[in-house]
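As structure tokens, the structure follows; a few thoughts come after it.
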């Protein structure tokens with residue numbers, strides 16, 4: 001996968017439509033302020049995409065609010081296998097979280 005830098009900060013995978021990049025970066029901004037309500041529809045379709053990992057990282061998960069992390073955990077655990085869930089957990093909580101937050105533990109037990 002080849003990548004480009006956009007605005008000097010974000011790494012953008014080559015081959016993605018600029019509109020897709022724009023939409024998912026906007027979704028990332030929404031998720032950074034998310035507290036309650038409906039999750040954006042564009043976010044809900046990420047687990048169903050073939051290149052879901054690339055798209056997910058366009059949303060910049062490190063900047064999501066705790067409420068957004070909770071909703072993303074629920075969404076991805078219900079739609080992905082264990083290996084893919086590990087990628088999500090590492091993206092949101094770091095590569096080796098000492099212990100997962102309670103809401104993630106509850107979702108992992110369900111999944």
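The values are calculated or read from the model by the stated rules, or taken from the named source; none is laboratory data. Please read these numbers as outputs of a predicted model, since none were measured by experiment. We place every Cβ from the backbone using ideal geometry, glycine too, and count neighbours over all the protein chains shown.
Scan region 5-43 for residues that are part of a loop (DSSP other than H, G, I, E, B) and at pLDDT 90 or above and jot them down. Matches in region 5-43: 34, 35, 36, 37, 38, 39, 40.
Scanning region 49-80 for residues that are surrounded by fewer than 18 Cβ atoms within 10 Å (Cβ to Cβ), under 21 Å from residue 22 (Cβ atoms) and out of contact with any helix residue (DSSP H, G or I) (no Cβ under 7 Å at 6 or more places or on another chain) yields 50, 51, 62.
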